[in-house]
Protein chains: 2
Amino acid sequence: MTKHHSDLSLLFHALADPTRRSILTQLAEKPARVTDLADPTGLRLPTVMRHLSVLEEAGLIATSKDGRVRTCAIVLEAMEPVRTWIDEQRAIWESRLDRLDAFVMDVMKERGK
Amino acid sequence: MTKHHSDLSLLFHALADPTRRSILTQLAEKPARVTDLADPTGLRLPTVMRHLSVLEEAGLIATSKDGRVRTCAIVLEAMEPVRTWIDEQRAIWESRLDRLDAFVMDVMKERGK
DNA sequence: ATGATAGTTAGCATTATGACTAAGCATCAT
DNA sequence: ATGATGCTTAGTCATAATGCTAACTATCAT
């Protein structure tokens, strides 16, 4: 595979893990500390740290440290490219329908002659 | 990790690979045979087959075989859960804002007294 | 200054992913 | 019936992903 992950690959990959998605859902409620995020997962801290860094590298969360506490917050806008990509696929698909329509119109014109 | 992938995990995982996304984009234009999909990737057939089965297991494509030719088509609706999930996160996030709004309203009412 | 708390780093084991080659099977055209 | 075509299967390999423990650092409370 490519060493160069596109933003989209990073995003989709980050979202492909249930633990990470549940972390995001929790963060959608409100920002939280690392430990608060680890608790409900039942996973060890280092494991959760890893998930958090995947999320952060994908731009899906932002974190800041105050004293010994790191606070994480969701970055909802980061999901936009996902929606955009899906919309693009739909647009391509619809343009195919348009072409079919055009083709049908041509055929009908042809028959009308 | 879990042996049991949720639909969402399957979907996001399938979409996380650039080759698979480009295959989907090609299929959004029009259905295609396995070889037609393999060509532009520069990958070998068995590799592409694997990508196709990932896409099919995620429900993102449907395939059918006629003689020795397998034709693949995109299943756009399959992407809906992705959009829905993202919308849900936004909804949660917005309900948090609502709560903040309510709080601010309260404060302002308080000050107006 | 001591101990508890919060997070971090390093290293390891297991499994999953993505690529390949080689060989096989089923059509289709001649 | 033979060869070409299109796909499929099996097996291999390298790398990445996910989990863990153990040990470490930095803060905060007393």
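Per residue, segment A:7-112 exposes an accessible area of 58 Å² to a 1.4 Å probe, with every protein chain left in place. Distances, shortest first, from the label point of residue B:95 to those at the same position in the other copies read 3.9 nm; the point lies 7 Å along Cα to C-beta. Could you compute the FRET efficiency for residue A:69 and residue A:43, with r as their C-beta to C-beta distance and R0 at 25 Å, rounded to 0.05? Calculated value: 0.85.
A protection proxy built from the mean count of other Cβ atoms within 10 Å ranks the segments A:49-61, B:37-49, most packed first, as A:49-61, B:37-49. The share of accessible area on segment A:7-112 that comes from carbon and sulfur is 54 percent, using a 1.4 angstrom probe. As a calculated quantity, the FRET efficiency between residue A:94 and residue A:56 at R0 = 25 Å, using C-beta atoms, amounts to about 0.10.
For the chain pair A and B, the interface hides roughly 3100 square angstrom of accessible area in total, found with a 1.4 Å probe. Couplings 3J(HN,Hα) for segment B:76-85, derived from phi with the Karplus relation 6.51 cos²θ - 1.76 cosθ + 1.60 (θ = phi - 60°), are 4, 4, 4, 7, 3, x, 5, 4, 4, 4 Hz, where x marks Gly and Pro. Take residue B:63, push a point 7 Å out from Cα through the beta-carbon direction, and compare it with the same point in every other copy: 4.0 nm, smallest first.
The values are calculated or read from the model by the stated rules, or taken from the named source; none is laboratory data. Everything numeric in this text was worked out from a predicted model, so none of it was measured. Please note: Cβ atoms are built from the backbone with ideal geometry, for glycine as well, and neighbour counts cover all protein chains shown. The area values use the complete protein model at the heavy-atom level, side chains included, leaving out ligands, DNA and RNA. Shrake-Rupley method; radii C 1.70, N 1.55, O 1.52, S 1.80 Å.
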